[in-house]
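Each remark here refers to the structure printed beneath this line.
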Amino acid sequence: MDQARKSMTWQWWVKWGLPAVALALLVTLPLYTSRYTPILATSIFMYIALSVSWVLFSGSTGYMSLATAAFVGVGIYTAAMIGKSVPLPVFVLAGGTVSALLAMLVGALTLRLRGVYFAIFTFGLVMLIPQFLVFWELQAFGTRGRFVVVISYTTIYYAMLILLVALLLVVYLVRRSRWGLALQSIGESEEAAAHVGINVTMVKVMTFALSAFFMGAVGATMATRWTYIDPYIAFNANFSFLPVLMAIFGGILPFYGPLVGAVIFAYLQEKLITKFPEVYMLIFGIVLVAAILYLPNGIVGLVQKAWQRSWGRRANT
Amino acid sequence: MDLVTVLDIVIGGLLIGGIYALIAMGLSLQYGVARVLNIAHGEFIMLGAFATWALYTTLHINPLIALVIVGPIVFVLGYLLHRTFFRHLLTSRPVLGEIIILGAVISWTAYELLKVYTTANPLLAIAMGIPLAIVLDFVLHRTVLKRVAPSAPSLAAFEGASMLATFGLLYIIQNMAIIVWGSSSKGYTFLATPVNLAGAVFAANRLVTLAFAVGIGLAFYLFLARTRMGKAIRAAAQDPTTAGLMGVNINQVLAICFGLGAALAGVAGVLYSMCFAISATMGLERTVVAIIVVVLGGLGSIPGSFIGGILLGVVGEIVKYFEPSLVLAGYYIIFILLLMLRPKGLMGK
């Protein structure tokens, strides 16, 4: 009894204390580090946010979406269009909203497709939208691409941090709610979920839209880091693949899986991509393959398993 | 729009459609039978195209002869890939295959690192790579793999995992190609004499391409319809488990299917390189086209893929005539409409 309570308080501290300390450190980060650190941290946050929001929909329902780049791109482009006339929070929210609306439309059309068809369809979006954008821009303005409003790195850093914290809170709340339970049962068996009275289509479409909202908002925030945008820069297919890889590598689990994967890969990318872009992408491919073959639950799954084993062994003896 | 323009569009569509047909037949075999939706399919086209380009520019080998060289090599590559890589995802783990893959990867990385820091020495790289791979594989089996016992996955799980694995493959092949050949586009001239077809003018190489595409497609169809191996492949496509019970060596057949699919892509790449400029990043767009064609023709239907390929080629040329920047968008809209109106495709069952 005493021991149980002790382990509970210990777990409580890990669960809430650790994130609180991490958050406090991150909030004060720009005060005591070099100018480069917040820039690096911003792109790490971006990848964490993207892979956590990918896991929010695809991890729980089992529908593999490759539309991440499309939603990010929509966010980037929204920011590029209206960023000069409205303040940062407005265009970030606008980017997220436009992405969420697109996700609702796409979801309503395609979420009855199963398996790889859905993946291919969503990936097609990444290739389709920039073509239309280029076409439309050339028709309407006679130019391709546009300049984006420039905002200080510290502001972007805090914007991204707020976005990430909001996302993690939303994911936490969703998982604890009826909605989260509905999602989980859809992932396990969609037919059974429909039979117990869950509005399967509604839950799927709304979750897809929720994850797209954050992807779009992330895109809109990051848009200010590039000064010049054109459709092929905004809709970069790597934004579809990298979050998936990070999630698989870390483990398709609600929090720590995508977090660990994103931190490792975003760091690697920052270090390697300017000097050896091909080598980075090569490593990326090799790790993706190796993770699929050998780490079905990712690094976090592996650690958990090892932890359980050693814990269990100690409990037996 | 006069008659010559119409002819121009239709014949142009047929010419590119022949290549699409070959690519799609390969993918149809890989996805329809081996159940691997190969996103790296286009990379085999790229490999075929670059191999032909390299053979032609360095050794002056006729691209039509390269057809005979590239096809079998890519087949073996695809066959081994399925035997090692995708086999692992299905059930067991062949240690030798892992060591070969790991060894190749480590040797390559070592070679690149040597090139950056000291001098390029492939032998040294291999000498480092193979022992490291053996040790690494041993360690992996002793530590990680012991805990994560592979269980036989469901078909849906296999499809998802194998598709993601081919994404990894795409990055590996593409970036190796960029490291070797650079990212600029390449090309050579071969049989570029103009030929007049009732007013529409085309280069001779494009007509040769179509002839070969149709010939290879037909030969392939006959192989599936008439030979014993073809029968085994069709049986495996219908029901792998029962086919296995009837004495079909199912692992062999699936690997052969994957190899043949890759070989068709490689051969299509050879033909492609005769007419158009090639680049190391050309693969993904071709893969998307191939997937659309396979869905259009009906999953697993070889004649469907062939007809779908020709059809998509013609549609592409029509869209290109009106608005060249929207060709891919046009393909994609066909794909959306198809998935909604007739998901089983033109010739699907």
- Would segment A:211-228 turn up any residue that is away from chain B (no Cβ under 14 Å) and under 16 Å from A:TYR63 (Cα atoms)? yes
- Task: Show the residue pairs that are 6+ apart or on different chains and have beta-carbon atoms under 7 Å apart, the first residue being within segment B:257-275 and more than 15 Å from B:SER28 (Cα to Cα), the second being surrounded by fewer than 24 Cβ atoms within 10 Å (Cβ to Cβ) and charged (D, E, K, R).
- Result: B:CYS275/B:ARG206
- Message: Looking only at segment A:234-262, count every residue that is in a loop (DSSP other than H, G, I, E, B) and among the aliphatic types (A, V, I, L, M) and tell me the total.
- Response: 3
- Given (1) within 21 Å of A:PRO89 (Cβ to Cβ); (2) at pLDDT below 85, where does A:PHE135 come up short, assuming only one miss? (1)
- Selection count, segment A:58-97, where residues are crowded, with 24+ Cβ neighbours inside 10 Å and among the hydrophobic types (A, V, I, L, M, F, W, C): 12
- Message: Among the residues of segment A:94-110, are any not small (Gly, Ala, Ser) and not in a helix (DSSP H, G or I)?
- Response: no
- Query: Does A:VAL205 fit the bill of being among the hydrophobic types (A, V, I, L, M, F, W, C) and either under 30 Å from A:TYR36 (Cα atoms) or within 14 Å of chain B (Cβ to nearest Cβ) (or both)?
  - Reply: no
- Those residues of segment B:174-190 which are part of a helix (DSSP H, G or I) and more than 8 Å from chain A (Cβ to nearest Cβ), in sequence order: B:ALA177, B:VAL180, B:TRP181
- Query: Can you pull out the residues in segment A:91-128 that are within 10 Å of chain B (Cβ to nearest Cβ) and of a type in the set (Gly, Ala, Ser)?
  - Reply: A:GLY115, A:ALA119, A:GLY124
- Message: Condition (residue is within 17 Å of the chain's Cα centre (by Cα), surrounded by 20 or more Cβ atoms within 10 Å (Cβ to Cβ) and at pLDDT below 80) applied to segment A:266-278: is it met by at least one residue?
- Response: yes
- Write out, first by first residue and then by second, each pair whose Cβ atoms fall under 9 Å of each other, whose residues are 6+ apart or on separate chains, and whose first residue, in segment B:3-19, is under 11 Å from B:GLY199 (Cα atoms) while the second is modelled with pLDDT under 80 and of a type in the set (Val, Ile, Thr). B:ASP8/B:VAL201
- (1) buried (at least 16 other Cβ atoms within 10 Å of the Cβ); (2) outside any loop (DSSP other than H, G, I, E, B); (3) more than 14 Å from chain A (Cβ to nearest Cβ); (4) out of contact with any strand residue (DSSP E or B) (no Cβ under 6 Å at 6 or more places or on another chain): which one isn't true of B:PHE202, the others all being true? (4)
- For A:VAL134, are the conditions met, namely being under 21 Å from the mean Cα position of the chain (by Cα), in a helix (DSSP H, G or I) and either within 14 Å of chain B (Cβ to nearest Cβ) or in contact (Cβ under 8 Å) with a residue 60 or more places away in the chain (or both)? no
- Query: Is segment B:241-251 home to any residue that is surrounded by 24 or more Cβ atoms within 10 Å (Cβ to Cβ), out of contact with any strand residue (DSSP E or B) (no Cβ under 6 Å at 6 or more places or on another chain) and in a helix (DSSP H, G or I)?
  - Reply: no
- Have a look at A:PRO89, A:PRO130 and point out the one that is under 26 Å from B:GLU323 (Cα atoms) and out of contact with any strand residue (DSSP E or B) (no Cβ under 6 Å at 6 or more places or on another chain). A:PRO130
- Filtered residues of segment B:177-199 (kept if buried (at least 17 other Cβ atoms within 10 Å of the Cβ) and either within 20 Å of B:ALA268 (Cβ to Cβ) or not assigned by TED's automatic domain parsing to the domain that holds B:LEU264 (or both)): B:ALA177, B:PHE190, B:LEU191
- Item | Spans of helices (runs of 4 or more DSSP H) in segment B:256-349 with at least 2 residues buried (at least 18 other Cβ atoms within 10 Å of the Cβ) and touching a strand residue (DSSP E or B) at 6+ places or on another chain (Cβ under 7 Å) | none
- Report yes if A:ARG144 is closer than 19 Å to A:PRO38 by Cα and either free of Cβ contacts under 8 Å to residues at least 24 places away in the same chain or basic (Lys, Arg) (or both), otherwise no. no
- Query: Hey, among B:LEU164, B:LEU218, B:LEU170, which residue is free of Cβ contacts under 8 Å to residues at least 60 places away in the same chain and within 30 Å of A:PRO277 (Cα to Cα)?
  - Reply: B:LEU164
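The values are calculated or read from the model by the stated rules, or taken from the named source; none is laboratory data. Only a predicted model underlies this, so the values are computations on that prediction, with no experimental measurement involved. Using ideal geometry, Cβ is built from the backbone for each residue, glycine included, and neighbour counts are taken over all protein chains shown.
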